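Let me begin by presenting the structure, written as structure tokens, before commenting on it.
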Amino acid sequence: MIAFLIAQFFSLENASTAAVIMLLSVQSTKRQSIIVALKRFTAGISGIILAAIIFEGTGYTPLAIGLLICIYIPMMAKYKLQDGIVPGFVIIMQIYVKGGLTVDFMLNQIYIIVIGIMVALFLNLYMPSTEGKLKEMARSTENNMKQLLIQMSRFIKKKEPVWNDLYELKVEECIQSGLDIAKRNIENTFFQKETYYDSYFKMRAEQNEILKRVVPMLLHLPGTFPQSKMVANFVEKIGVALDENNSAIDLLEDIRELKTTFEKMDLPKTRDEFEVRAALLIFINEIEKFIKIKIDFIRK
């Protein structure tokens, strides 16, 4: 409506086209809007120039339109201006319908493009805040990751005979949703390359990759031994302590003490015990990486 009224106010021909271009130019983020606006403007000006050359050179005929299409669309694709093909072609067809191109009509078409794009950019300055949604996704990620770690603990203790991948899937889904929203949040700023929540969800994604690696180890543990219970209790402690603001430094000290305790214990007496302790050692080394990822994030 605004674009249409402005075009009418200046008594431009084909004023309704400004509304069409404006509608096509509204994007989901501010940064996308700027990029698309530049592409549409370039494509529109290119279309006007090309139409002037071909129509004035060969005549205003359907064959001229076919020739123009064969040049215009590949050219826009080559220079990655596909977003401007539709509004650009609308402008071209209006020149064709006019049946002649004067300086005034060329300026008329340029004004229509500019009005449509500028109104879209102005409206795109308002974007609803995603801060609340990002906080909610961070809480959901942590809650599901807590449950996943507690489930691991119970599985190591053999209190859960069958593994349920529900929390694995939920964690994956929450992290991906958080990354998508954080990316849109970045694109609603003009200068930031990364935000706090973008870094946060990338950190959780790194941690989740470790959890996905260690789950198969737990599924094939042959039995339980004293070391199993120690590791299970520690994993449960991590789950309980998991929090966005927890620096995790105390947990790193705890896991180092746990490894020292392992080193001081008697050697395995059976094959099963050897396999379990070997698997648990690999497991706690991975969990140590899990903790260090959080510590690095807090420091940064």
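Laid out as a table, the results:
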{"item": "Single condition M137 does not satisfy, out of (1) in contact with a helix residue (DSSP H, G or I) (Cβ under 7 Å, 6 or more places away or on another chain); (2) under 30 Å from K294 (Cβ atoms); (3) at pLDDT below 90", "result": "(3)"}
{"item": "Among (1) under 30 Å from K183 (Cα atoms); (2) touching a helix residue (DSSP H, G or I) at 6+ places or on another chain (Cβ under 6 Å), the one test that A15 misses", "result": "(1)"}
{"item": "Test: residue in segment 163-171 that is modelled with pLDDT of 90 or more and within 30 Å of G66 (Cα to Cα)", "result": "no"}
{"item": "Condition met for A241 (assigned by TED's automatic domain parsing to the domain that holds Q151, over 26 Å from Q27 (Cα atoms), small (G, A, S) and modelled with pLDDT of 80 or more)", "result": "yes"}
{"item": "Filtered residues of segment 266-287 (kept if touching a helix residue (DSSP H, G or I) at 6+ places or on another chain (Cβ under 7 Å) and either buried (at least 17 other Cβ atoms within 10 Å of the Cβ) or outside any helix (DSSP H, G or I) (or both))", "result": "P268, V276, R277, A279, L280, F283, I284, I287"}
{"item": "Output for segment 140-162, where each listed residue is at pLDDT 90 or above and acidic (D, E)", "result": "E142"}
{"item": "Residue within segment 239-252 that is at positive phi, assigned to a loop (DSSP other than H, G, I, E, B) and not polar (S, T, N, Q) present", "result": "yes"}
{"item": "Residue that is part of a helix (DSSP H, G or I) and modelled with pLDDT of 90 or more, where the choices are I65, I35", "result": "I65"}
{"item": "Inter-residue pairs, beta-carbon under 9 Å, first farther than 15 Å from Y96 by Cβ and in segment 64-84, second surrounded by 12 or more Cβ atoms within 10 Å (Cβ to Cβ) and among the aromatic types (F, W, Y), 6+ apart", "result": "I73/F89; G84/F41"}
{"item": "Unmet criterion (only one of (1) in contact (Cβ under 8 Å) with a residue 40 or more places away in the chain; (2) surrounded by 21 or more Cβ atoms within 10 Å (Cβ to Cβ)) for C174", "result": "(1)"}
{"item": "Single match in Q94, Q151 (criterion: surrounded by 21 or more Cβ atoms within 10 Å (Cβ to Cβ) and touching a residue at least 12 places away in the same chain (Cβ under 8 Å))", "result": "Q151"}
{"item": "Those residues of segment 24-63 which are free of Cβ contacts under 8 Å to residues at least 60 places away in the same chain and more than 22 Å from G99 (Cα to Cα), in sequence order", "result": "I35, V36, L38, K39, T42"}
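The values are calculated or read from the model by the stated rules, or taken from the named source; none is laboratory data. Keep in mind that what you see is a predicted model, and the values were worked out from it rather than measured. Please note: Cβ atoms are built from the backbone with ideal geometry, for glycine as well, and neighbour counts cover all protein chains shown.
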